[in-house]
1. With a sphere of radius 12 Å drawn around the Cβ of W53, what net charge do the other residues whose Cβ falls strictly inside it have (Lys, Arg +1; Asp, Glu -1)?
2. Using a 10 Å cut-off on Cβ atoms, rank the peptides 33-40, 22-29 from the highest mean neighbour count down.
3. Describe numerically, in nm with one decimal, the distance between label points set 7 Å from Cα along Cα→Cβ at V17 and at A48.
4. Calculate how steeply helix 39-48 sits against the longest principal axis of the alpha-carbon atoms of the chain, using the helix alpha-carbon long axis, and give the answer as 0 to 90 degrees to the nearest 10.
5. Decide, for the chain, between rounded, prolate and oblate: order the square roots of the alpha carbon gyration tensor eigenvalues as a ≥ b ≥ c, take rounded if a/c falls under 1.5, and otherwise choose prolate if a/b is larger than b/c, else oblate.
6. Can you find, among C46, A27, P10, the residue sitting farthest towards the positive end of the charge dipole of the chain, where Lys and Arg contribute +1 and Asp and Glu -1 at Cβ?
7. What would the Debye formula give as log10 I(q)/I(0) at q = 0.20, 0.33 Å⁻¹ for the alpha-carbon point model of the range 38-78, no solvent?
8. Collect residues whose amide H, placed 1.01 Å from N in the peptide plane, falls under 5 Å from the amide H of R14; neighbours closer than 5 in sequence don't count.
Amino acid sequence: MLVDRHHLDPLTGRFEVERMVVRDGRARRLTFVKRLFAFPELRDRCTAAGFAWVTGYGEAGSPLRSDHHRMITIAEAP
C-alpha cells in the first residue's frame, strides 16, 4: 500500500509530500518535495536560455489544456 499526502506551499510553488509505504506488514514514512512547472514558467526559462520558439502540447500532441495529465514542451534553438 502506498499513501501520499500533498501540501502545496503557494509561496514557493512546491508540493511537500509525506509518503507512507506498507510492504510485507512493515510501514515506513518518508517526506520529499516536488515541483510542478506550469507551461508559462517553462516557456520563460527556455526563452531565457536562448531558445527561439517554445510551444506546449497535451497528450497525443493535442493543444495543451488544463484537463491534460501530461505536458509536452518543445523548444527550438535559433
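1. My count for the surroundings of W53 gives 0.
2. 33-40, 22-29
3. Modelled inter-label distance: 2.4 nm.
4. Around 60 degrees separate the two axes.
5. prolate
6. So the residue we want is A27.
7. Here log10 of I(q) over I(0) equals -0.56, -1.08.
8. Excluding prolines and chain starts, which carry no amide H, the hits are D9.
No value in this document is a laboratory result; all are computed from the given coordinates. Please read these numbers as outputs of a predicted model, since none were measured by experiment. Note that each Cβ is placed from the backbone with ideal geometry, even for glycine, and that neighbours are counted across all protein chains shown.
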